[in-house]
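Have a look at the structure below before the remarks.
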Ligand SMILES: [Zn+2]
């Protein structure tokens with residue numbers, strides 16, 4: 001039996017659960033031959049809800065966004081997901097050690113130094 005197509009709950013942010021948003025109009029800009037940047041007046045602006053956490057949602061789920069705006073939103077969401085503090089920390093943890101790990105290595109090196117500096121009791125005495 002096919003699963004019914006459930007409409008997402010657009011009243012709550014899927015990322016953080018917030019129910020408060022700012023509505024914003026987004027326009028696509030292009031540059032003129034003189035180097036000026038202008039909003040494309042031919043294309044209608046896209047209305048989007050921005051959550052307190054930065055997540056972007058459509059204002060009304062029944063009205064699809066212009067494809068170019070939806071692609072930009074998808075890219076922005078991917079960027080946010082890939083640059084979350086927990087992901088950045090997980091990436092950096094591959095290159096650094098914690099203070100505890102560092103101290104463990106220092107303790108082991110000191111133990112090795114003790115072994116090399118103290119000959120065993122039954123070692124022959126050099127003449
Ligand atoms: Zn949110």
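Of the residues in region 1-11, none is assigned to a strand (DSSP E or B), at pLDDT 85 or above and within 16 Å of the ligand (Cβ to nearest atom). Please find, among 65, 36, 112, 52, the residue that is under 30 Å from residue 13 (Cα atoms) and out of contact with any helix residue (DSSP H, G or I) (no Cβ under 9 Å at 6 or more places or on another chain). Exactly one residue qualifies, and that residue is 52. Listed here are the strands (runs of 3 or more DSSP E) enclosed by region 35-101 that have at least 1 residues being within 16 Å of the ligand (Cβ to nearest atom) and surrounded by 13 or more Cβ atoms within 10 Å (Cβ to Cβ): 46-51, 56-58. For region 12-30, filtered to residues that are assigned to a loop (DSSP other than H, G, I, E, B) and away from the ligand (no atom under 12 Å from the Cβ), the residue that is farthest from residue 58 (Cα to Cα) is 28.
The values are calculated or read from the model by the stated rules, or taken from the named source; none is laboratory data. Keep in mind that what you see is a predicted model, and the values were worked out from it rather than measured. In this analysis, Cβ positions are derived from the backbone assuming ideal geometry, glycine residues included, and neighbour counts consider all displayed protein chains.
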